[in-house]
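Every number here is computed from the coordinates shown, using simple stated rules; none is lab data. From a predicted model like this one, the values you see are computed outputs, not experimental measurements. Counting neighbours? That spans all protein chains shown, and the Cβs are built from the backbone with ideal geometry, glycine included.
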Amino acid sequence: MAVTHVVTFSWVEGTSAGTVEDILRNLQEWIDRREGLEGLESWKAGPDLGVNEGNADFAVSATFTDQDAYLRYRDHPEHKRIIAEQIAPLISSRSAVQFAH
């Protein structure tokens, strides 16, 4: 059964668009290498378009062949590094969900 992971972030005040672009670029470069990401079917991320008030600032949506593939992604050392070094220090709020389909 496939698993989709969706996570949204709101950044702390003062987080620049350039910083967010750097985060997105680093995530995308890691995803593009596909090393240790067997079972990743799709991955998309980006900043909110600003169409609706109250939205989060940034989102990631990824679909995996199964729960084990999601767990490999979640626990991948490069993923953890990017989160620890670039994302976590800038988060004012985070929400996530994983669902099977």
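Ordered by packing density, taken as the mean number of other Cβ atoms within 10 Å over each peptide's residues, highest first, how do 44-54, 80-90 rank?
80-90, 44-54
Output the Cα-based Rg and Dmax of the chain in Å, rounding Rg to one decimal and Dmax to a whole number.
13.5, 41
With an 8 Å Cα cut-off and a minimum separation of 6 or more residues, compute the relative contact order for the chain in percent.
So the answer I get is 51 percent.
What does the C-alpha gyration tensor say about the overall shape of region 44-101? Classify as rounded when a/c is under 1.5, otherwise prolate if a/b is larger than b/c, or oblate.
oblate
Quick check: residue separation of residue 4 and residue 67 times 0.36 nm, minus the Cα distance between them. What number comes out in nm?
21.8 nm
For n ≥ 4 DSSP H runs only, could you compute -39500 (n - 2.57) per run for the chain, divide by its residues and tell me the 222 nm figure to the nearest 500?
Rounded to the nearest 500, the figure is -9500 deg cm²/dmol.
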